1. Looking at the range 98-108, is at least one residue loosely packed, with under 12 Cβ neighbours inside 10 Å, among the polar types (S, T, N, Q) and either within 16 Å of ligand 1 (Cβ to nearest atom) or outside any loop (DSSP other than H, G, I, E, B) (or both)?
2. If you take just the strands (runs of 3 or more DSSP E) that sit entirely in the range 113-206, which of them hold at least 1 residues that are open to solvent by 40 Å² or more (accessible area, probe 1.4 Å) and in contact with a Lys or Arg (Cβ under 7 Å, 6 or more places away or on another chain)?
3. If we scan the range 6-22, do we find a residue that is within 21 Å of the chain's Cα centre (by Cα), among the charged types (D, E, K, R) and assigned to a loop (DSSP other than H, G, I, E, B)?
4. Looking at Asp212, Asp224, which is the one that is more than 20 Å from Val124 (Cβ to Cβ) and charged (D, E, K, R)?
5. Go through the range 227-240 and give me each residue that's within 9 Å of ligand 1 (Cβ to nearest atom) and open to solvent by less than 20 Å² (accessible area, probe 1.4 Å).
6. Name the single residue, out of those in the range 241-269 being within 13 Å of ligand 2 (Cβ to nearest atom) and of a type outside the set (A, V, I, L, M, F, W, C), that is surrounded by the most Cβ atoms within 10 Å (Cβ to Cβ).
7. Could you count how many residues in the range 80-104 are at positive phi, touching a helix residue (DSSP H, G or I) at 6+ places or on another chain (Cβ under 9 Å) and either more than 16 Å from ligand 2 (Cβ to nearest atom) or not hydrophobic (A, V, I, L, M, F, W, C) (or both)?
8. So, in the range 209-226, of the ones that are in contact with a helix residue (DSSP H, G or I) (Cβ under 7 Å, 6 or more places away or on another chain), under 25 Å from Glu149 (Cβ atoms) and not in a helix (DSSP H, G or I), which residue ends up least open to solvent (accessible area, probe 1.4 Å)?
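The values are calculated or read from the model by the stated rules, or taken from the named source; none is laboratory data. Keep in mind that this is a model prediction, so the values were computed, not measured. Virtual Cβ from ideal backbone geometry, glycine too; neighbours counted across all protein chains shown. Calculation scope for accessible area: heavy atoms of the full protein, side chains included, ligands and nucleic acids excluded. Shrake-Rupley method; radii C 1.70, N 1.55, O 1.52, S 1.80 Å.
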Amino acid sequence: MLQPSREVTPYTELDRATWAQLAETTVSPLTADEVERLRGLGDEIDMDEVREVYLPLSRILSLYVRHARALHADTESFLGKPAATRTPFVIGIGGSVAVGKSTTARLLRELLARWPEHPRVALVTTDGFLWPNAELERRNLMQRKGFPESYDRKALLRFVVEVKSGMDAVEAPVYSHLHYDRMPGVRTTVEQPDILLLEGLNVLQPAPRHADGKSGLAVSDFFDFSVYVDAAADDVRSWYVARFLKLWETAFRNPESYFVRYGELSRQEAIKKAESLWDGINGPNLRENILPTRSRATLVLRKGPDHAVRWVRLRKL
Ligand SMILES: Nc1ncnc2c1ncn2[C@@H]1O[C@H](COP(=O)(O)OP(=O)(O)O)[C@@H](O)[C@H]1O
Ligand SMILES: CC(C)(COP(=O)(O)O)[C@@H](O)C(=O)NCCC(=O)O
């Protein structure tokens, strides 16, 4: 029997070794083809990490989906209503810039789609709901990109409400990291998936207060589950610099890149630029707006300096 690593808490906390034991009992471990397909995602994920951490996580998420569906059916029956069409199971994935949200979300999309009960898994990032740069300039928010006020929060809330309402097709704007801006006229469409993964810095943030002081609805009010990807700020800062350098060596050489001027920097200058972007924007945003949302998550994945998950914290039902 698995023993939680600590008691007297509203969470079940499992250290890495205990969590990894779940992999031994997880139904249908990864096939060789699936391992190859995951490697094809192009992310630098260690396959032991997939087997020991993300496969059991996908299994727990699948259990939550199954029981949410059963509760939905029982509720409809109790209300004497014909079993309405199910709405997507919405999972929010939050955490700092560069902590690994997108990588975790892409991996979970692949793993969750393999369970026959819910093969249709959609992934949307909240980056697309950042105001376009022209609007950020107008609002004097370019140095606050990623802060709560830099997003079109009404449109993001409307998107999640429409998906959770079971609408046939719901569109979301698309952000380009190459252009460092929302792509004009480019939309992604969500068509009643079994599961929607919504990834972004801001997915767990509380509702903004209206001018009359009344609090509105938060995006996470419509989540069925949420994951916070967590790590020490210094580790995330180094991951951010490393990612910036990977981009400096590749994407920034593209004439279309917003950062093409950074492609001419020396390596040392590029490192200093990345550090200044972190120290001036992403680090303060993590401290002020993102880390305070960690306690709102259903599950916290805590990573060490090598991205390996050190412990998992799951809120008790
Ligand atoms: N599990 C992991 N193992 C190794 N590297 C990772 C892992 N997750 C993320 N990374 C790396 O860390 C950096 C940030 O990851 P990314 O998914 O872009 O973060 P976010 O979406 O939170 O900004 C990227 O360079 C990515 O390759
Ligand atoms: C667009 C973002 C807010 C999104 O964050 P991410 O998807 O990297 O977690 C962030 O990458 C960003 O651009 N922040 C502004 C400061 C900077 O250029 O890093």
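1. no
2. Once the strands (runs of 3 or more DSSP E) in the range 113-206 are filtered for at least 1 residues that are open to solvent by 40 Å² or more (accessible area, probe 1.4 Å) and in contact with a Lys or Arg (Cβ under 7 Å, 6 or more places away or on another chain), what remains is 121-125, 170-176.
3. No, the range 6-22 contains no residue that is within 21 Å of the chain's Cα centre (by Cα), among the charged types (D, E, K, R) and assigned to a loop (DSSP other than H, G, I, E, B).
4. Answer to the selection: Asp212.
5. Once the filter is applied, which keeps residues that are within 9 Å of ligand 1 (Cβ to nearest atom) and open to solvent by less than 20 Å² (accessible area, probe 1.4 Å), the range 227-240 yields Val229, Val236.
6. Among residues in the range 241-269 that are within 13 Å of ligand 2 (Cβ to nearest atom) and of a type outside the set (A, V, I, L, M, F, W, C), the one surrounded by the most Cβ atoms within 10 Å (Cβ to Cβ) is Ser257.
7. Within the range 80-104, the subset at positive phi is 80, 95, 98, 100.
If we keep only those that are touching a helix residue (DSSP H, G or I) at 6+ places or on another chain (Cβ under 9 Å) too, we end up with 95, 98, 100.
Filter once more, keeping what is either more than 16 Å from ligand 2 (Cβ to nearest atom) or not hydrophobic (A, V, I, L, M, F, W, C) (or both): 95, 100.
Going through the range 80-104 one residue at a time, the tally reaches 2.
8. Step one: of the range 209-226, the residues in contact with a helix residue (DSSP H, G or I) (Cβ under 7 Å, 6 or more places away or on another chain) are 217, 219-220, 222, 224-226.
The next check asks that each one be under 25 Å from Glu149 (Cβ atoms); those that pass are 217, 219-220, 222, 226.
Still in the running and not in a helix (DSSP H, G or I): 217, 226.
Numbers: Leu217: 97, Ser226: 6 Å².
The residue in question is Ser226.
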